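Worksheet: one structure, shown below.
The values are calculated or read from the model by the stated rules, or taken from the named source; none is laboratory data. Given the structure is predicted, the values throughout are model-derived calculations rather than measurements. Cβ atoms come from the backbone with ideal geometry, glycine included; neighbour counts cover every protein chain shown.
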Amino acid sequence: MNKKIKIGIIIFLIVFIGGFFVYGQIYYHSEKTATDYLNGTDDVNVSKSSNGLFLDGYGNDTAIIFYPGAKVEYTAYLPLFTDLASQGIDCYLVEMPFNLAFFGSNSADAIISNTNYKHYFMAGHSLGGAMAGNYVNQTDNNITGLIYLSAHIEKEIDVPVLSIRGSNDGVINLESYQKAKLMMNNVTEVMIDGGNHAQFGYYGHQSGDGNATISAENQQNQTESAIMRFIDYCT
């Protein structure tokens, strides 16, 4: 390999790594509505874990492990999952490397190996949901159910699936979603009228998304109710 080729490779690597680092610093930040929950509530204790946040309510039987959407700060989902924790479902919000679940798809392993719940539910939003689905598809861990928030993968899923999406979602690929739905053996689909892609969390408007005609609080309240019904059904 001559000197010019070596220099060219070095320059390419510097540009690539630098570009990826800059890309990693551009993401959707949590709004104050979400970060206000960092100190917990009267019913839920919020604590930092090795790979995110642990939302500890009064329950000790069932846990949700949640993967956030691509380029979304994981704390944006605190209001929804704090409400779920207050209903007796402990929740783990996973902080992903570079805010991309692709780089932390097996994060649930550490949580499951260090806890002892009777029921584990994998959940995720958008790319996080796809990675949660991949995890369920590949893991030997005993997962009770899978919860998609505006998410899907085109692979067969053997556990019960809850699929929630908003009618005004402008991000999800509907053709791919319909194909994926055919591969789910036991799916419960919930459409939130007036909801969009981003309002499962509090991180502002997402590029390409449709405009919601209901509030984020309304969308998340409906999501919470659907998740609780699904967990009751599965357990």
Going by what's in this entry, would Leu162 be described as farther than 20 Å from Ser207 by Cα, in a strand (DSSP E or B) and touching a residue at least 60 places away in the same chain (Cβ under 8 Å)?
yes
With Tyr27, Tyr58 as the choices, which residue is over 23 Å from Ala226 (Cβ atoms), of a type in the set (Ser, Thr, Tyr) and either at pLDDT below 95 or surrounded by fewer than 17 Cβ atoms within 10 Å (Cβ to Cβ) (or both)?
Tyr27
Pull out all pairs, ordered by first then second residue, where Cβ-Cβ is under 7 Å, the residues are six or more apart or on different chains, the first lies in region 169-186 and is in contact (Cβ under 8 Å) with a residue 12 or more places away in the chain, and the second is basic (Lys, Arg).
Ile172/Arg165; Met183/Lys155
Given (1) in contact with a Gly (Cβ under 6 Å, 6 or more places away or on another chain); (2) outside any strand (DSSP E or B), Phe121 misses just (2)
How many residues does region 58-72 hold that are under 17 Å from the mean Cα position of the chain (by Cα) and either in a strand (DSSP E or B) or among the β-branched types (Val, Ile, Thr) (or both)?
6
Whether any residue in region 83-90 is touching a residue at least 12 places away in the same chain (Cβ under 8 Å), within 22 Å of Ile143 (Cβ to Cβ), assigned to a loop (DSSP other than H, G, I, E, B) and under 15 Å from the mean Cα position of the chain (by Cα) is what I want to check.
no
Among the residues of region 170-197, what is the count of those that are touching a Ser or Thr at 6+ places or on another chain (Cβ under 7 Å), outside any loop (DSSP other than H, G, I, E, B) and small (Gly, Ala, Ser)?
0
For residues in region 28-52 being more than 25 Å from Cys234 (Cβ to Cβ) and part of a loop (DSSP other than H, G, I, E, B), which is farthest from the chain's Cα centre (by Cα)?
Asp42
Residues of region 130-159 being outside any loop (DSSP other than H, G, I, E, B) and within 16 Å of Asp209 (Cβ to Cβ), in sequence order, are Leu149
Of the residues Met228, Met191, which is modelled with pLDDT of 95 or more, touching a helix residue (DSSP H, G or I) at 6+ places or on another chain (Cβ under 9 Å) and not β-branched (Val, Ile, Thr)?
Met228
Every listed condition ((1) surrounded by fewer than 22 Cβ atoms within 10 Å (Cβ to Cβ); (2) touching a Ser or Thr at 6+ places or on another chain (Cβ under 8 Å); (3) among the hydroxyl-bearing types (Ser, Thr, Tyr)) holds for Ser167 save (2)
Looking only at region 170-185, count how many residues are modelled with pLDDT of 90 or more, surrounded by 14 or more Cβ atoms within 10 Å (Cβ to Cβ) and not small (Gly, Ala, Ser).
3
Identify the residue in region 187-217 that is touching a residue at least 40 places away in the same chain (Cβ under 8 Å) and over 25 Å from Ile231 (Cα atoms) and, among all such residues, is surrounded by the most Cβ atoms within 10 Å (Cβ to Cβ).
Tyr203
Condition first: assigned to a loop (DSSP other than H, G, I, E, B) and touching a helix residue (DSSP H, G or I) at 6+ places or on another chain (Cβ under 6 Å). Now tell me which residues in region 91-106 satisfy that.
Glu95, Met96, Ser105
In region 160-178, which residues are touching a helix residue (DSSP H, G or I) at 6+ places or on another chain (Cβ under 6 Å) and over 13 Å from Met191 (Cα atoms)?
Pro160
With respect to Leu55, determine if the residue is assigned to a helix (DSSP H, G or I), in contact with an Asp or Glu (Cβ under 8 Å, 6 or more places away or on another chain) and under 24 Å from Glu31 (Cα atoms).
no
